[in-house]
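Step one of this worksheet: look at the structure below.
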Amino acid sequence: MFGSPGSGKGTQAKLLTRRLGIPHISTGDMLRERVQRDRELEASVASVMHAGALAPDQLVNRMVEERLGQGDAAKGFVLDGYPRTLAQAEELCHWLDERGVREVVIYLAVDYNSIIARLTGRRQCPRCGTLYNLVSQPPKVDMQCDRDGEALVIRDDDSETVIRERLDAYGRQTRPVLEFLRRAGRRVEEVAAGSDSPEQVFERICGIVANHDRA
Ligand SMILES: [Zn+2]
């Protein structure tokens, strides 16, 4: 399962694992657990995780393969946050082919502007400058300034820049991986996840997975 920050990837992965009765394998969660468990790894892993960089491919590959070898993954699994690099994608394809496991790659496609809007919730009146927050301080009328009725706009500021950078980094990192998987003849499905409810997105994913099982 691929999806940028704010795409609802974690939510969809959890819904899917519940529906199919298979484990949700999140490399982010596993790395965090490992850091807590294993003091020796702490220094090396924590520092790269802290820097927002990638954990070394070999470490991650080994960790995922160990996990996939456990009994509860025998009937299938949802990978979340993996593969993240070309080296990881190659390793995974090799692993899948060796065992005759068929995969479907789901990419949750969302417009960056709508992610930013969702993540920040902040709006501003372009006429008088009044600030709103759709969650904590919403306008009386949806998306309209209380003072002058002007349509509210999304504000450009520092935290937005940070989110945008995270999204750009995700795109830079993920695009080559998806491209590699497509070229390798893997089934890559793009699911529109921008404006619909998590339930609607989930039904779309279930349709793809059901078709995959019949194929
Ligand atoms: Zn106003």
Would you be so kind as to identify which of Gly121, Val104, Leu167 lies farthest towards the positive end of the dipole of the chain, taking Lys and Arg as +1 and Asp and Glu as -1 on Cβ and the Cα centre as origin? Val104
Assigning unit charges at the beta carbon (Lys, Arg +1; Asp, Glu -1) and nothing else, what dipole magnitude in debye, to the nearest 20, does the stretch 99-173 show about its Cα centre? 300 debye
Explain nothing, just the number: dipole magnitude of the stretch 49-156 about its Cα centre with +1 on each Lys and Arg Cβ and -1 on each Asp and Glu Cβ, in debye rounded to the nearest 20. 540 debye
Between the helical axis of 57-68 and the dominant principal axis of the chain, each derived from Cα atoms, what acute angle in degrees is found, rounded to the nearest 10? 70 degrees
Taking only Cα atoms, what is the 0 to 90° angle, nearest 10, from helix 9-20's long axis to the longest principal axis of the chain? 50 degrees
In whole percent, the fraction of accessible protein surface over the chain that belongs to carbon or sulfur atoms, probe radius 1.4 Å, stands at 49 percent
Explain nothing, just the number: relative contact order of the chain, from Cα pairs under 8 Å at least 6 residues apart, as a whole percent. 27 percent
What accessible area per residue, rounded to a whole number of Å², is obtained for the chain using a probe radius of 1.4 Å? 57 Å²
Return the calculated 222 nm mean residue ellipticity for the chain, to the nearest 500 deg cm²/dmol, obtained by summing -39500 (n - 2.57) across DSSP H runs with n ≥ 4 and dividing by the residue count. -17000 deg cm²/dmol
Whole number please: convex hull volume per residue of the Cα set in the chain, in Å³? 144 Å³
Karplus 3J(HN,Hα) series, Hz, for the stretch 76-81 with 6.51 cos²θ - 1.76 cosθ + 1.60 (x for Gly, Pro): x, 6, 10, 8, 10, x
Measure nothing but the geometry: give the 0 to 90° angle between the long axis through the Cα atoms of 39-50 and the longest principal axis through the Cα atoms of the chain, rounded to 10°. 40 degrees
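The values are calculated or read from the model by the stated rules, or taken from the named source; none is laboratory data. Model, not experiment: these values are computed from the prediction. Cβ coordinates were reconstructed from backbone atoms using ideal geometry, including for glycine residues, and neighbour counts include every protein chain displayed. For accessibility, only protein heavy atoms count, side chains too; no ligands or nucleic acids. Shrake-Rupley method; radii C 1.70, N 1.55, O 1.52, S 1.80 Å.
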